[in-house]
Each structure stands twice: as structure tokens, then as C-alpha cells.
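In what follows, a structure is listed as C-alpha cells, so that the remarks can point back to it.
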Amino acid sequence: MKDNMTFLELVNKRCSVRSFSPTMVEINKLNKMLFAVQLAPSAVNRQPWKVYVVINKETRVALQACYDREWFRTAPVYIVMTGNHDESWKRADGKDHCDIDIAIATEHLILEATELGLGTCWVCNFDVQKCKEALGIISKSEEPCVIVPVGYPADKNVWEKTETKRKLLTEITQYFY
Ligand SMILES: Cc1cc2nc3c(=O)[nH]c(=O)nc-3n(C[C@H](O)[C@H](O)[C@H](O)COP(=O)(O)O)c2cc1C
């Protein structure tokens, strides 16, 4: 995989990584990922997110109990993205844009990680209450939305090996000429 990727090459490189090497992620790489979150757009620029970077053993173990999968335990770092429903923008019809904002910020984080050679996986199928307890979140309005395990892939060739299964463009596109 070449170093100077175009945006489309980067997006094409990203895949869900579900097995990590125990090698620690460098702090400067984590900082770049956080900067990518900071730059994300959000509805009415509310930036309703908070980012928890979990490195210490005790909190990692507490998070692992929220999503009981063997592969998930291999990650050296977890990043939990939370959304604050008191801060997020609500449209006139009441639609809360919190999830949209958090999704954009999370994908910024993940694409930056990919550029840096780090593996990630979106994880939303976790126990939210346990996650709040693990992070000491007591606010009712702050919701953990996604846990992103981060680390170097156990298999260095995972990027090339992982098949991208997607619908055809003709299935998902409609033009109005
Ligand atoms: C919102 C969202 C939630 C997801 N939750 C999980 C999850 O809980 N566990 C998991 O293993 N993968 C999860 N995934 C990963 C998807 O299964 C994966 O992105 C999809 O199959 C496409 O594969 P790719 O990421 O390798 O391109 C999630 C992805 C998204 C976008």
C-alpha cells in the first residue's frame, strides 16, 4: 500500500479490522486522530461529541465486558465516541442530529487511523449502560454511540486481503436529469 494515497484510495483501503497486535499505538498518532475528530462538521456546528481514549488496563477490561468478543479484547486502545443530546441540534420536526454528527466525527477518526496504518472497527452492538459505568458517565444526556478498537492489525496484509462487499452503484443511485 503506497504512502501518498488519494482520498478514494484511502477510503478503499479502510476495512474492519478484528484482530490486533499488542503493539501500543503512538501518542502522536492518537493526537492526529483526535484532530480529525475536531475538524469534523456538525449540525449548526454544535460539536456534541466527547472522545474517551482508553489505554489503561482497568478501563480496557471494563470496556471489554460491554462487548464480549475474543477479537475485541486484542485491541491495545479503545476510543469511545459519545454524543450529548442536550447539545445536538434538533430540526423543526424534532429530529435529533446527534447520531449523524457522531458518525461523521467517528469516520474522520477512522479514516485518519487508516492513513496512519492503524486498524479499527466500528462497534455499536455493545451494552451502553455498562459502557457508561466503565467511563464514569452519569449524565442522562450523554450517550456512548460507538466504541472503536484501535491498534496495528495482527495480519499486516489485512488491507489487501479483506474483500469489500457492496451493492452496485446502479442499485443505490437515482439520477434526475
Ligand atoms: C454503525 C456501524 C455499527 C457497526 N457495529 C459493529 C459491531 O458492533 N460489531 C462489528 O464487529 N462490526 C460492526 N460494524 C462493522 C460492519 O459490520 C462493517 O463496517 C461492514 O460489514 C462493512 O465491512 P468493512 O467495514 O470491512 O468495509 C459496524 C459498522 C457500522 C458502520
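Kindly check whether there is at least one residue in the stretch 35-55 that is surrounded by fewer than 19 Cβ atoms within 10 Å (Cβ to Cβ), touching a Phe, Trp or Tyr at 6+ places or on another chain (Cβ under 6 Å) and either of a type in the set (Lys, Arg) or within 25 Å of ARG166 (Cα to Cα) (or both). Within the stretch 35-55, one or more residues are surrounded by fewer than 19 Cβ atoms within 10 Å (Cβ to Cβ), touching a Phe, Trp or Tyr at 6+ places or on another chain (Cβ under 6 Å) and either of a type in the set (Lys, Arg) or within 25 Å of ARG166 (Cα to Cα) (or both).
Conditions (1) away from the ligand (no atom under 13 Å from the Cβ); (2) in contact with a helix residue (DSSP H, G or I) (Cβ under 7 Å, 6 or more places away or on another chain); (3) free of Cβ contacts under 8 Å to residues at least 24 places away in the same chain; (4) assigned to a loop (DSSP other than H, G, I, E, B), marked per residue:
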| residue | (1), (2), (3), (4) |
| --- | --- |
| MET33 | yes, yes, no, no |
| ASP68 | no, no, yes, yes |
| MET81 | no, yes, no, no |
| GLU87 | yes, no, no, yes |
| ILE102 | no, no, no, no |
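May I ask you to verify whether LYS29 is more than 12 Å from the ligand (Cβ to nearest atom), closer than 25 Å to VAL11 by Cα and modelled with pLDDT of 95 or more? Answer is yes for this residue. Residues in the stretch 111-142 that are of a type in the set (Lys, Arg) and either in a helix (DSSP H, G or I) or in contact (Cβ under 8 Å) with a residue 40 or more places away in the chain (or both) were compared, and the one that is surrounded by the fewest Cβ atoms within 10 Å (Cβ to Cβ) is LYS130.
So how many residues does the stretch 3-23 have that are away from the ligand (no atom under 15 Å from the Cβ), surrounded by 10 or more Cβ atoms within 10 Å (Cβ to Cβ) and of a type in the set (S, T, N, Q)? First the steps, then the outcome.
First, the residues of the stretch 3-23 that are away from the ligand (no atom under 15 Å from the Cβ): 3-7, 21-23.
With surrounded by 10 or more Cβ atoms within 10 Å (Cβ to Cβ) added as a condition, the list becomes 5, 21-23.
From what is left, the residues that are of a type in the set (S, T, N, Q) are 21, 23.
Residues that pass the stated criteria total 2.
For THR164, the conditions (1) assigned to a loop (DSSP other than H, G, I, E, B); (2) farther than 12 Å from SER16 by Cα all hold with the exception of (2). Of everything in the stretch 35-66 that is assigned to a loop (DSSP other than H, G, I, E, B) and either more than 16 Å from the ligand (Cβ to nearest atom) or modelled with pLDDT under 95 (or both), the residue that is nearest to VAL123 (Cα to Cα) is ILE55.
The single residue among HIS108, HIS97 that is within 22 Å of VAL158 (Cα to Cα), away from the ligand (no atom under 13 Å from the Cβ) and surrounded by fewer than 22 Cβ atoms within 10 Å (Cβ to Cβ) turns out to be HIS108. All of (1) of a type in the set (Val, Ile, Thr); (2) more than 17 Å from CYS15 (Cβ to Cβ); (3) under 15 Å from the mean Cα position of the chain (by Cα) hold for THR120 with one exception: (2).
The values are calculated or read from the model by the stated rules, or taken from the named source; none is laboratory data. What you are looking at is a predicted structure, and each value in this text was computed from that prediction instead of being measured. Backbone-built Cβ (ideal geometry, glycine too); neighbour counts: all protein chains shown.
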